[in-house]
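Student: Just dropping this structure here.
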Amino acid sequence: MKIKTSITLSEELISKIDELSSQYGNRSLFIEQAIRDFLASEAKRRRDLQDIEILNRRADALNKEAEDVLSYQADV
């Protein structure tokens, strides 16, 4: 279901949107796709930050484990 809304954008931005929107059918579809892309990117960024936080919390244990594994390898 779609809900009609109103937003205010600069003339410069509308002009750039209009230049590209024909590839998407119309201005609304273009803006909707741009927002979907942004939301997906933001969700990925948040997941990445959570992963980094987990790795940082576990860094000491993971490094010790890696050192242990490397100690069993033969010198090359």
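The values are calculated or read from the model by the stated rules, or taken from the named source; none is laboratory data. Every value quoted in this text rests on a predicted model; they were computed, and no experiment measured them. Cβ sites come from the backbone with ideal geometry, for glycine too, and all protein chains shown count toward neighbours.
Student: If we scan the stretch 51-64, do we find a residue that is of a type in the set (Gly, Ala, Ser) and part of a helix (DSSP H, G or I)?
Tutor: yes
Student: Would you check if Arg57 is basic (Lys, Arg) and modelled with pLDDT of 95 or more?
Tutor: Against the criterion (basic (Lys, Arg) and modelled with pLDDT of 95 or more), Arg57 does not qualify.
Student: Considering each residue of the stretch 15-29, count those that are part of a helix (DSSP H, G or I), surrounded by 11 or more Cβ atoms within 10 Å (Cβ to Cβ) and not hydroxyl-bearing (Ser, Thr, Tyr), and give that number.
Tutor: 6
Student: Pairs, please: C-beta under 9 Å, at least 6 apart or cross-chain, first residue of a type in the set (Phe, Trp, Tyr) and in the stretch 12-41, second at pLDDT below 95 and loosely packed, with under 10 Cβ neighbours inside 10 Å?
Tutor: Qualifying pairs under 9 Å: Phe30/Gln23.
Student: Here's something else I'd like to know. Mind telling me which of the residues Asp18, Asp68 ends up being of a type in the set (Asp, Glu) and closer than 30 Å to Lys2 by Cα?
Tutor: Checking each option against the conditions leaves just Asp18.
Student: For the stretch 12-52, name all the residues that are of a type in the set (Val, Ile, Thr) and within 30 Å of Leu62 (Cα to Cα).
Tutor: Of everything in the stretch 12-52, just one residue is of a type in the set (Val, Ile, Thr) and within 30 Å of Leu62 (Cα to Cα), namely Ile52.
Student: Pick from Glu32, Glu67, Glu12: which is surrounded by 10 or more Cβ atoms within 10 Å (Cβ to Cβ), in a helix (DSSP H, G or I) and out of contact with any strand residue (DSSP E or B) (no Cβ under 6 Å at 6 or more places or on another chain)?
Tutor: Step by step, each of Glu32, Glu67, Glu12 is checked, and only Glu32 is surrounded by 10 or more Cβ atoms within 10 Å (Cβ to Cβ), in a helix (DSSP H, G or I) and out of contact with any strand residue (DSSP E or B) (no Cβ under 6 Å at 6 or more places or on another chain).
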